[in-house]
Amino acid sequence: MRFVTTKSGQSADPWAGSGPPPASFSFSLFEGIAPDGGLYVPESIPRWSQEELAKLPSLTLADVGARVLQPFVDELDYDALLSIVEEALSFPIPLVEVDPGIYALELFHGPTLAFKDVGARVMARLMAALFQGDNPLTILVATSGDTGSAVAHAFHEVPHTRVVILYPKGRISPTQEAQLTMFNGEATNVRAYATAGSFDDCQRLSKAAFADPVLSRRANLTSANSINIGRLLPQMIYYVHGVGQLAAKLKQTGVAKELSATVFSTPSGNFGNLTAGLMAKRAGINIRQFVAATNINDVVPAYLATGQFKPRPSIHTLANAMDVGNPSNFDRLMWLYDGDLNAIRRDVAGSRHEDDEVRATIRSVYEDRGYLLDPHSAIAYLGLTGRKRREGTEGDVGVFLATAHPAKFAEIVEPVIGRPIVRPQPLVDALARSGQILEIDATLEAVEKVLGP
């Protein structure tokens, strides 16, 4: 498989434009952002056969992961990919019924209790398997919360790497900051910096560093956000695994539902999560539609409604990992659909939700169903249930992505439900080890300084 850039042609004719030549997976992985400033995308997305789809309910998570990655990572054989996925995804990704016909795909059972463990851990092991050279990689990451801690843990003590994380000072939860900074006081390869500004400022600085050819070469920069194709592709795995689990559950219960009726509601910020789902659908996985569920940072739902994409400064909300005013993966969304708004609307519905709705939903779902949501998962639940009401499709099966453990947002969730949340052991350990807060200005000069000579 070769990879092209979103700036060098549309998906129907991926090499019709000008720009850098198609690249291998390993080149795209380590380059992060393409030389022309675009994002790498596969030349094609091969479809699963009907025979493979029929076997999906019986496949293990590792089997699914290796099969998902195999068409794109042709530098490694199937057994190597299987080993990577087995090591990276050594935790469950269960599908849990919350309401009749409404399931949560729980993506928060990894070491940092957030969905980004999936992409970050697979990516780190792909990098370790494919790395060649003597100059260590510098993984530069802008984070609105969970990406940074997932990357920090995934790459901690991985040979030939160091990690520099930029996060918005005062705009993430105390728990998130504890997870991000837990390695700051140690002699390790990971450092996190509280940056004066918003996530958009952190992302702008990261892009500026990559765009500086001298700095990028000197520091041997690569990315681990969902702008990196090596982070994005593994996120397809849980959509495919979720569809397989759903088929198995429906078969066990004797419910005759066509999998094509499945709707996924994805809490969306930088839109890598949704893009991975759309790529899974393009590969033939039986998904009817997606709900792009956002907080009030709703530039993509607004685009779906008006046809105009208008990035703007992000606004701080309870679901802070989704506080993104200019989502990078919008370029990939446009590439996938050749910029065809009507085609996008057929596959994606927008949904916007405010903090008061989030609190009310956390409370009502807990009181009525005994299921506890974090703010991001609550927005996904709202997106799914709202679509069912609007379209009169209560009979459809729906899946929402539960992307973070509610204990990561205890300061928000506990006052809503009126009781303390039991903290999982990884969170207890992170809070006990929270390290030094390192602060920098939101300038490229400050970033250059921390990247070193």
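Here is a list of conditions, (1) open to solvent by 10 Å² or more (accessible area, probe 1.4 Å); (2) within 22 Å of residue 33 (Cα to Cα); (3) among the small types (Gly, Ala, Ser), and residue 150 meets all of them except one; can you say which number that is?
Condition not satisfied by residue 150: (1).
Let's see how each residue does on (1) crowded, with 24+ Cβ neighbours inside 10 Å; (2) out of contact with any Phe, Trp or Tyr (no Cβ under 9 Å at 6 or more places or on another chain):
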| position | (1), (2) |
| --- | --- |
| 62 | no, yes |
| 77 | no, yes |
| 116 | yes, yes |
| 119 | yes, yes |
| 126 | yes, no |
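Which ones in segment 367-380 are in contact with a Pro (Cβ under 9 Å, 6 or more places away or on another chain) and either open to solvent by 50 Å² or more (accessible area, probe 1.4 Å) or not hydrophobic (A, V, I, L, M, F, W, C) (or both)?
Result: 374, 375, 376, 377.
Taking segment 249-267 on its own, how many of its residues are modelled with pLDDT under 95 and either small (Gly, Ala, Ser) or open to solvent by less than 10 Å² (accessible area, probe 1.4 Å) (or both)?
Of the residues in segment 249-267, 6 are modelled with pLDDT under 95 and either small (Gly, Ala, Ser) or open to solvent by less than 10 Å² (accessible area, probe 1.4 Å) (or both).
Is it true that residue 396 is of a type in the set (D, E, K, R), in contact (Cβ under 8 Å) with a residue 12 or more places away in the chain, farther than 29 Å from residue 193 by Cα and open to solvent by 10 Å² or more (accessible area, probe 1.4 Å)?
Judged against the criteria, residue 396 is a match.
When you scan segment 335-353, how many residues do you find that are part of a helix (DSSP H, G or I), open to solvent by 50 Å² or more (accessible area, probe 1.4 Å) and under 24 Å from residue 381 (Cα atoms)?
So the count comes out to 2.
Within segment 410-432, is even one residue closer than 28 Å to residue 198 by Cα, open to solvent by less than 30 Å² (accessible area, probe 1.4 Å) and part of a loop (DSSP other than H, G, I, E, B)?
Checked against the condition, which is being closer than 28 Å to residue 198 by Cα, open to solvent by less than 30 Å² (accessible area, probe 1.4 Å) and part of a loop (DSSP other than H, G, I, E, B), segment 410-432 yields no hits at all.
Has segment 179-187 got at least one residue that is open to solvent by 10 Å² or more (accessible area, probe 1.4 Å), modelled with pLDDT under 90 and either of a type in the set (Lys, Arg) or over 18 Å from residue 440 (Cα atoms) (or both)?
Yes, that holds for at least one residue.
Of the conditions (1) touching a strand residue (DSSP E or B) at 6+ places or on another chain (Cβ under 7 Å); (2) assigned to a helix (DSSP H, G or I), residue 356 fails just one. Which one is it?
Residue 356 satisfies all of (1) touching a strand residue (DSSP E or B) at 6+ places or on another chain (Cβ under 7 Å); (2) assigned to a helix (DSSP H, G or I) except (1).
Matching residues to (1) in contact with a strand residue (DSSP E or B) (Cβ under 9 Å, 6 or more places away or on another chain); (2) within 23 Å of residue 302 (Cα to Cα); (3) hydroxyl-bearing (Ser, Thr, Tyr):
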| residue | (1), (2), (3) |
| --- | --- |
| 349 | yes, yes, no |
| 352 | yes, yes, no |
| 368 | yes, no, no |
| 373 | yes, no, no |
| 389 | no, yes, no |
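Hey, can you tell me all the residues within segment 285-312 that are assigned to a strand (DSSP E or B), of a type in the set (Phe, Trp, Tyr) and out of contact with any Gly (no Cβ under 7 Å at 6 or more places or on another chain)?
Answer for segment 285-312, where residues must be assigned to a strand (DSSP E or B), of a type in the set (Phe, Trp, Tyr) and out of contact with any Gly (no Cβ under 7 Å at 6 or more places or on another chain): there is none.
I'd like the full set of residues that are touching a strand residue (DSSP E or B) at 6+ places or on another chain (Cβ under 7 Å) and open to solvent by less than 20 Å² (accessible area, probe 1.4 Å), limited to segment 162-178.
Those that are touching a strand residue (DSSP E or B) at 6+ places or on another chain (Cβ under 7 Å) and open to solvent by less than 20 Å² (accessible area, probe 1.4 Å): 163, 164, 165, 166, 167, 168.
The values are calculated or read from the model by the stated rules, or taken from the named source; none is laboratory data. In this text the structure is predicted, and so the values were computed from the model without any measurement. Glycine also receives a Cβ, built like all others from the backbone with ideal geometry; neighbour counts cover every protein chain displayed. SASA here: full protein model, heavy atoms, side chains in, ligands and nucleic acids out. Shrake-Rupley method; radii C 1.70, N 1.55, O 1.52, S 1.80 Å.
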